[in-house]
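Let me begin by presenting the structure, written as structure tokens, before commenting on it.
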Amino acid sequence: MTESKVKAEQPKGQETVLKGIPASPGIAIGPAFLFMKHAPIIEERSILPEEKERETVRLEQAIVRSHKELRKILEFARQKLGDDKVKIFEAQLMFLEDAVLFDAIYGRIRSELKNAEFVVHDEIGKYHRIMLAAKDEYTHERAHDVEDVRNRLLRNLLEQRAISRLEGSAIVVSQNLTAGDTVILSRNEVLGYATDIGGITSHTALLSRALKIPAIVGLKTISHMVQDDVQMVLDGYSGTIVLNPTEETIKKYEAKRERYREFEARLAPLRDLPAETLDHRHVELSANAEFEQELDFIKIQGADGIGLYRSEYLIVGREVFPTEDEQYAQYKLLAEAMYPKRVIIRTFDIGGDKLMVEPTKENNPFLGWRGIRVMLDRPNVFMEQLRAILRASTRKNIAVMFPMVSNLKEVRQAKKILDEAKHQLRKEGIPYDSRMKIGVMVEVPSAAVVAEDLAEEVDFLSIGTNDLIQYLLAVDRGNDVVSSLYQEFNPAVVRFLRRIIERGKRKGVWVGMCGEMAGDPLATILLLGLGLDEFSVVPKMLPEIKKIIRSVKYSEAQRITKRVLKMKTEDEIKEFLRTIMKKKFPDIPIN
Ligand code: PEP
Ligand code: MG
């Protein structure tokens, strides 16, 4: 996909504009790379007895090629995520080495006299169908892994080109991308990601932001509209895709990209300045983190600390929970890297759309066994995690936070296990921070309603708007069919936020926010005016949010917020805030 080749092959299509959900900021201009994940079309062919040998050799060669490809991916993943997170690829390799399975396939080629593609498709398809029929998320994940291996094998049999590699730079277009695809493809020169499905808070979207790759999700049909090498513009600020852009359009977006680059460069000097309003209200501006690889960037961006470490990312690609010692090593690394700044470690938030170590059968996982519920039902696992966190807390810059809390009892139970962990460590003579701060995420409406009671039990509250909005408005955060109803600025959300912040502060604890809304520039003045004490945002957004905070007066933000609280529709609120932003910060991209 060299530049001259792109030009030579580019179809002369009409300029077409598509709108999706902006998932990761930035502008990409370049050729498309179709990352196709649907199975190749397989013909059933009869072969002659004398062709058996040839068919067997073809299959052997395809296995060798697939093995090679998978090894390469494994290496990419290892570099990006570390040794302990490559289990999924190791499992795929093992599948490819499964003697029973391949004996059956070779046997059928010989006895049924059918072509290798057909038998591979049919035989592995049996496994795949059984796994897909299972309702639990874990088996579903494995089914996709098996499907992946089958497609790889078939592609190699058909001698089609590999899909995990890109030559040159390109915008990856796909029906969907798993977290694994997102990471692995990023080993190439990926300019951007564009997918048919997915929502703003899907973990794929979160991951592309962590990787600093512009992305748009929820484009519905883009994977059917685009062919390889079609030129496209991806504007991750506004969620706009332009296919076959004219020279004029390209120039327009290049200028926009340049403007934002300059703007970002101008923001760099803000790095070491405090997040403080013109009338000296100081707030904490921290970063959300999933991987240790992000730490450098987080520090360069001038974060006051880590306001949310999603510890469940330690489980990616694993089938068992990491041991206490493994966890300790990771938490210690975070604490050391950020010292003296604070790191808030959220205990495993598994279930819902997130990975699960234990298979579950739930019809409605988002309302099911998630977050603190899982941990309280697995006190041994919880105990190991809490011990690891405590052991890493000796420099006194770690806090712990519990996700998906829906009532006071859960907080008390969690604290009891934490006390037991402290007791054990004391007895064993292992040091820890006896005053380690404890927080609760407010992301379930019932927790918001009793925020004042929760506040009495802990040191801080952190609002998780990603979930809070989905539960308050009954809109699935990852479902693009209802994504227009997922409204950060819905008056019900705004008034609910006011309630949580007020009630929490009345009880003397600080109230922060680690949901995506905290990193939305359109929300900054409003959240400031509501009295939010801490903003924990995706690292890329730190300078912009700081710039806004440093350019307004708290008193002014309070006046603006007062007006917003009287408004009755999301449109009205957004329009009002947009007008303010355009006037005050014409350079800051807003949605
Ligand atoms: C949230 O729900 O707002 C949150 C920060 O948690 P997560 O996105 O990891 O569910
Ligand atoms: Mg959440």
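All of the numbers you see were taken from the coordinates with simple rules; none came from a lab. Predicted, not measured: the structure shown is a model, and the values here were computed from it. Note that each Cβ is placed from the backbone with ideal geometry, even for glycine, and that neighbours are counted across all protein chains shown.
Odds and ends about this structure:
- The tail of the calculated P(r) for the chain, taken as Cα-Cα distances beyond 32 Å, holds 50 percent of the pairs.
- In the chain, the longest principal axis of the Cα atoms and the axis of helix 554-566 are about 70 degrees apart.
- Amide H contacts of TRP510 (H built 1.01 Å from N, in plane; Pro and chain starts excluded): LEU461 sit under 5 Å, all sequence-distant by 5 or more or on other chains.
- Antiparallel bridges, percent of DSSP beta bridges restricted to the chain (to nearest 5): 30
- You can think of it this way: the chain between ARG559 and ARG395 has 55.0 nm of extra reach, that is 0.36 nm per residue less the Cα-Cα gap.
- A DSSP coil position with no more than 11 other Cβ atoms inside 10 Å describes the following trypsin sites (Lys or Arg not before Pro) in the stretch 497-591: LYS568.
- Axis angle, to the nearest 10 degrees, between helix 570-584 and the longest C-alpha principal axis of the chain: 80 degrees.
- Whether the stretch 285-436 is rounded, prolate or oblate, judged on the alpha carbon gyration tensor where a/c under 1.5 counts as rounded: oblate
- Taking the chain and dividing mean pair separation by its residue count, relative contact order in percent (alpha carbons under 8 Å, at least six apart): 15
- Proximal charge balance of ARG559 [Cβ under 13 Å; K/R count +1, D/E count -1]: +2
- Shape call, the stretch 460-591: gyration tensor on alpha carbons, a/c limit 1.5: rounded
- With the simple spin-label model, which puts each label point 7 Å out from Cα in the Cβ direction, the ASN363 to GLU44 separation comes to 3.6 nm.
- Order of LEU527, LEU34 - criterion: other Cβ atoms within 10 Å of each residue's Cβ, fewest first: LEU34, LEU527
- C-alpha long axis of helix 247-267 to longest principal axis of the chain, angle in °: 40
- The phi-based Karplus calculation (6.51 cos²θ - 1.76 cosθ + 1.60; θ = phi - 60°) puts the 3J(HN,Hα) values of the stretch 288-302 at 8, 9, 10, 10, 5, 5, 7, 4, 4, 4, 4, 6, 4, 6, x Hz, whole numbers, x for Gly and Pro.
- Ellipticity at 222 nm from helices only: DSSP H runs of n ≥ 4 in the chain, each -39500 (n - 2.57), divided by the residue count, give -15000 deg cm²/dmol.
- Between the C-alpha center of the stretch 409-444 and that of the stretch 475-515 there is a gap of 27 Å.
- Highest-first arrangement of 229-235, 420-426, where packing means the average Cβ count within 10 Å: 229-235, 420-426
- Ratio Rg/Rh [Cα only; Rh per Kirkwood] for the stretch 389-464: 1.02
- Using C-alpha pairs below 8 Å separated by at least 6 residues, the relative contact order for the stretch 419-519 is 30 percent.
- Amide H to amide H, with H built 1.01 Å from N, LEU191 comes under 5 Å of ALA170, ILE171, VAL172, counting only residues 5 or more places away or on other chains.
- Pairwise label distance in nanometres, GLU319 with THR246, each label 7 Å out on the Cα-Cβ vector: 5.8
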